[in-house]
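Okay, so here's the structure we're looking at.
Readers should treat all values here as calculations from the given coordinates under stated rules, not as data from a laboratory. Given the structure is predicted, the values throughout are model-derived calculations rather than measurements. Quick reminder, even Gly has a Cβ in these numbers, built from the backbone with ideal geometry, and neighbours come from all protein chains shown.
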Amino acid sequence: MAEAPQAAAIELRGLRKRFQEGDTERTVLESVDLVIPPGQFVVLLGQSGSGKSTLLHLLGGIDSPSSGSVCIGGVDLTALDERRRTLFRRDRIGFIFQFFNLIPTLSVLENVTLPSELAGLPRPALETAALHLLGQVGLADRASTMPDRLSGGQQQRVAIARALLHQPLLILADEPTGNLDEHTGEQVLRLLVALTRQQGRTLIMATHNAAIAEQADRVLRVQEGHLLEAGPAAAPLTA
Ligand SMILES: Nc1ncnc2c1ncn2[C@@H]1O[C@H](COP(=O)(O)OP(=O)(O)OP(=O)(O)O)[C@@H](O)[C@H]1O
């Protein structure tokens, strides 16, 4: 899919998301405008239920806004039909979830290569790249292991390799260490940040880990439907 060469990694304009619950309509996000240039690491804060996952789903094309536009790498997801949006998501977005979502019947290597194979990338080159990435996440010797033989931190490192293999435009991580102990979680986050920085990728991460937020280029907070610059005075966005 064609992309403008200098396009922002993310451009949101007038984004609004409402959910219908019976007779009541709940506005989760309202008037969200945001521009993120390529290569930045952005942390997303916000209380439980504030709308962090909703925003990540809109950025990844998992869900559609009620109004407004979502441009990723210059491609307006709201202008794509469902099939094209699915293909865009598969080819250009990397997801890392709290629960690692590995396929239990596939080996570590197969879990890492599967999404890229589905995207039509050639298998021998993929395996070489996947083994290299598994080395970078410290799992070079576990390629043929089944996921249930790995610790939680190791499983999340497999998920990181899987999310990075197809060289996505945007990596979305939704509380990726919520299921890990604090020490392991922080190690995994540091690895994810280091790898995405090394590859020059854009990473948006919902996390409550203050040490990781300190490493971010930008920290945003979802609060009462609005997206604010996080900081002592929770200022409105200037983007
Ligand atoms: N499919 C849906 N239908 C109706 N309401 C929804 C739906 N998805 C999310 N919501 C509502 O939107 C609000 C924001 O939810 P969201 O999961 O985005 O919050 P969050 O900040 O990620 O929370 P947490 O930190 O607990 O994961 C919540 O009130 C939730 O109930």
Query raised in the report: Between region 118-142 and region 1-74, what's the alpha-carbon centroid distance in Å?
Result: 30
Report summary line: Listed by chain and number, the residues whose amide H is under 5 Å from that of F95, excluding neighbours fewer than 5 places away on the same chain and using placed H, are L172
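Which value does Rg/Rh take for the chain over its C-alpha atoms, Rh per Kirkwood? Mind showing how you got there, number by number?
Working: Rg = 17.7 Å, Rh = 18.4 Å.
Over the Cα atoms of the chain, Rg/Rh equals 0.96.
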Requested in this report: Convert each backbone phi in region 119-135 into a coupling constant with the Karplus relation 6.51 cos²θ - 1.76 cosθ + 1.60 (shift: θ = phi - 60°), then list the ³J(HN,Hα) values in order as whole Hz, x for Gly and Pro.
Outcome: 7, x, 6, x, 5, x, 5, 4, 5, 4, 5, 5, 5, 5, 5, 4, x
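Quick one: net charge around R84, please, counting Lys, Arg +1 and Asp, Glu -1 for every other residue with C-beta under 12 Å from its C-beta. Walk me through the numbers on the way to the answer.
Working: positive: R83, R85, R89, R90, R92; negative: D76, D81, E82, D91.
It works out to a net charge of +1.
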Report summary line: The summed charge of the S31 Cβ neighbourhood (under 13 Å; Lys/Arg +1, Asp/Glu -1) stands at +1
Report summary line: Burial-style ranking of 168-181, 26-39, average other-beta-carbon count within 10 Å with highest first, yields 168-181, 26-39
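Kindly identify region 1-103 as rounded, prolate or oblate by the Cα gyration tensor criterion: order the square roots of the eigenvalues as a ≥ b ≥ c, call it rounded if a/c is under 1.5, otherwise compare a/b with b/c, prolate if a/b is larger, else oblate.
Numbers: a/c = 1.43, a/b = 1.29, b/c = 1.10.
Verdict is rounded for region 1-103.
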Query raised in the report: From the Cα gyration tensor of region 124-192, with a ≥ b ≥ c the square roots of its eigenvalues, which class applies: rounded if a/c is under 1.5, or else prolate if a/b is larger than b/c, or else oblate?
Result: oblate
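Given the rule -39500 (n - 2.57) for each run of at least 4 DSSP H residues, summed and divided by the residues of the chain, what is its mean residue ellipticity at 222 nm, to the nearest 500 deg cm²/dmol? Display every interim value, and only then the final one.
Details: 7 runs with 80 residues, N = 239.
The helix contribution divided over the chain gives -10000 deg cm²/dmol.
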Query raised in the report: Tell me, what is the percent relative contact order of region 91-206, built from C-alpha pairs under 8 Å that lie six or more residues apart?
Result: 37
Query raised in the report: Among residues other than F19 whose Cβ falls under 12 Å from its Cβ, what is the net charge (Lys/Arg +1, Asp/Glu -1)?
Result: +1
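Please sort by residue number the GluC sites (Glu not before Pro) in region 136-239 whose DSSP state is loop and whose Cβ has at most 14 other Cβ atoms within 10 Å.
Numbers: sites: E182, E186, E214, E224, E229; in loops: E214, E224.
Filter output for region 136-239: E214, E224.
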Report task. Could you work out how far helix 182-199 tilts from the main Cα principal axis of the chain, as a 0 to 90 degree angle to the nearest 10? Result -> 90
